[in-house]
Amino acid sequence: SKLAALFQHPLYNIPIPEVTEKDKLFVVNPMEKFSLHSSGSDEWVSSSKAEVFLPKGKTAYDTYPAWLKFHVGINRYELYPRQDPLMPTLLQDLATQRIVSSVQKSGGTQLKLIMTFPNYGQALFKPMKQTRDQETPIDFFYFSDFERHNAEIAAFHLDRILDFRRIPPVSGRMVNITQEIRDITTDRKLAKTFFISPAGNVCFYGECSYYCSTEHALCGKPDLLEGSMAALLPDKTLAKRRSWRSPWRRSYHKSKKAEWELNPNYCAQVRETPPYDRGHRLLDLIDMAVLDFLMGNMDRHHYETFEKFGNDTFLLHLDNGRGFGTHSRDELSILAPLWQCCSIKKSTYLRLKLLATQPYLLSDLLREALATDPLAPVLTEPHLQALDRRLRKVLEVVGHCLDR
């Protein structure tokens, strides 16, 4: 396994600082246990409601479902650890746990559902809207493009291979529209949008500001539909998140340009503006630009952080559905933070150099990672090949900066 070898490499074993209580998102009572109701209702309850006898040598933590262990493990420095023994279980749960509730997620431009499992875990479901080999039409603006379910899956694995670990876990899944959405939804607005197509397939379109109409309906074959299932982050009432507008946000206008596209000294201005005037926030933003360039994602207008950690923490790389839309063109403007600021973390640069060499070629590593997903193959071969080409371009930009 090339992946296993990569994660053993010294560059993937740089220790994070010691995690103190104040660096943890949640401080958990070590005696708090969770157990399944013996009544067979499959609900998780805390030990305050049920007497639990733990097997010898087991701790209360062992009784937590995988999604809760994931939430409890979040700290100032990482969303999840590099060698996370929990990851296979969490991905398996996303792909196989019984769905007990499906409702439409409010907000956003395109249809997404929040699905709940018997153990109270929740996932964000993005349905398949187009096939793997459909490229974004060349006359489409980035903001009118479809969101792709397979881009969400590939982005999670790419983020992990780059050792950022800032995207919540995502798995592909086949969903039965009839049994797992229509028959169990309590969302009346969503329920009104189901119909049977002339071909006899079960379809629905939901309510949203784009692509929620009969013409853009999502249809099963006859009721099976693939999509991405992303583990939800802790509820915002428990762990507040702050949303930040990206300084390199695009104009989202058909003819206007953003300031960074017109001002060659834009980065100097950003460097003097909080929170980019100290700490590693700007370097984290440049990490995100590298990730987006490799995926071809032009739609990064905001990013989020956990409020508890202030400015000294990682950025969450959420909402990656507009990645992997085009393999034949490389959008160099996505790298503007890198070439305008001429700064990059040394650790990121060294890992990028490593991923451009045999035996750690980026395309090979992502191909191997995606082969384990239930919806494999997740990306077509041209998208995987484009990663190696784009990675060389990132290293060229860094090379020019070093020369300067």
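The values are calculated or read from the model by the stated rules, or taken from the named source; none is laboratory data. The structure presented is a predicted model; accordingly, all values stated were derived computationally and were not measured. Note that each Cβ is placed from the backbone with ideal geometry, even for glycine, and that neighbours are counted across all protein chains shown. Ligands, DNA and RNA are excluded from the accessible area calculation, which covers all protein heavy atoms including side chains. Shrake-Rupley method; radii C 1.70, N 1.55, O 1.52, S 1.80 Å.
Of all residues in the stretch 298-335, which are hydrophobic (A, V, I, L, M, F, W, C), in contact with a helix residue (DSSP H, G or I) (Cβ under 6 Å, 6 or more places away or on another chain) and either in a helix (DSSP H, G or I) or farther than 13 Å from D284 by Cα (or both)? First the steps, then the outcome.
Within the stretch 298-335, the first condition is being hydrophobic (A, V, I, L, M, F, W, C), and the residues that meet it are 298, 306, 309, 314-316, 318, 324, 332, 334-335.
If we keep only those that are in contact with a helix residue (DSSP H, G or I) (Cβ under 6 Å, 6 or more places away or on another chain) as well, we get 298, 315, 324, 334-335.
Answer for the stretch 298-335, where residues must be hydrophobic (A, V, I, L, M, F, W, C), in contact with a helix residue (DSSP H, G or I) (Cβ under 6 Å, 6 or more places away or on another chain) and either in a helix (DSSP H, G or I) or farther than 13 Å from D284 by Cα (or both): M298, F324, I334, L335.
Count, please, the residues in the stretch 105-130 that happen to be part of a strand (DSSP E or B) and either surrounded by fewer than 21 Cβ atoms within 10 Å (Cβ to Cβ) or without any contact (Cβ under 8 Å) to a residue 40 or more places away in the chain (or both). So that I can check it myself, show each step before the final result.
Residues of the stretch 105-130 that are part of a strand (DSSP E or B), as a first pass: 113-116, 122-127.
Filter once more, keeping what is either surrounded by fewer than 21 Cβ atoms within 10 Å (Cβ to Cβ) or without any contact (Cβ under 8 Å) to a residue 40 or more places away in the chain (or both): 114, 116, 122.
The qualifying residues number 3.
Look through L338, L362, L384, L316 and report the one residue that is open to solvent by less than 20 Å² (accessible area, probe 1.4 Å), farther than 12 Å from L294 by Cα and under 20 Å from the mean Cα position of the chain (by Cα). Walk me through it before giving the result.
Numbers: L338 fails: under 20 Å from the mean Cα position of the chain (by Cα); L362 fails: farther than 12 Å from L294 by Cα; L384 fails: farther than 12 Å from L294 by Cα.
Answer to the check: L316.
Please find, among E18, E32, E51, the residue that is among the acidic types (D, E), open to solvent by 40 Å² or more (accessible area, probe 1.4 Å), at pLDDT 95 or above and over 28 Å from A191 (Cβ atoms).
On the way: E32 fails: at pLDDT 95 or above; E51 fails: at pLDDT 95 or above.
Going through E18, E32, E51 in turn, just one is among the acidic types (D, E), open to solvent by 40 Å² or more (accessible area, probe 1.4 Å), at pLDDT 95 or above and over 28 Å from A191 (Cβ atoms): E18.
How many residues are closer than 20 Å to E152 by Cβ and open to solvent by less than 20 Å² (accessible area, probe 1.4 Å) when one looks only at the stretch 231-277?
Of the residues in the stretch 231-277, the ones closer than 20 Å to E152 by Cβ are 231-234, 241, 243, 246.
Going one step further and asking which of them are open to solvent by less than 20 Å² (accessible area, probe 1.4 Å), we end up with 231, 234, 246.
So the count comes out to 3.
Residue check: is A155 small (G, A, S) and buried (at least 23 other Cβ atoms within 10 Å of the Cβ)? Please lay out each step first, then the result.
On the way: small (G, A, S): yes; buried (at least 23 other Cβ atoms within 10 Å of the Cβ): yes.
Yes; evaluated as a whole, the condition is true for this residue.
If P88 satisfies all but one of (1) within 18 Å of the chain's Cα centre (by Cα); (2) assigned to a loop (DSSP other than H, G, I, E, B); (3) on the phi < 0 side of the Ramachandran plot; (4) free of Cβ contacts under 8 Å to residues at least 12 places away in the same chain, what's the number of the condition it fails?
Failed condition: (2).
Against the definition (in a loop (DSSP other than H, G, I, E, B), touching a helix residue (DSSP H, G or I) at 6+ places or on another chain (Cβ under 6 Å) and surrounded by 15 or more Cβ atoms within 10 Å (Cβ to Cβ)), how does V397 come out, yes or no?
Values: in a loop (DSSP other than H, G, I, E, B): no; touching a helix residue (DSSP H, G or I) at 6+ places or on another chain (Cβ under 6 Å): yes; surrounded by 15 or more Cβ atoms within 10 Å (Cβ to Cβ): yes.
Against the criterion (in a loop (DSSP other than H, G, I, E, B), touching a helix residue (DSSP H, G or I) at 6+ places or on another chain (Cβ under 6 Å) and surrounded by 15 or more Cβ atoms within 10 Å (Cβ to Cβ)), V397 does not qualify.
Give me the pairs: first residue in the stretch 246-263 and in contact (Cβ under 8 Å) with a residue 24 or more places away in the chain and within 14 Å of M298 (Cα to Cα), second residue basic (K, R) and part of a loop (DSSP other than H, G, I, E, B), beta-carbon distance under 6 Å, and six or more apart or on different chains, which are they?
S246/R300
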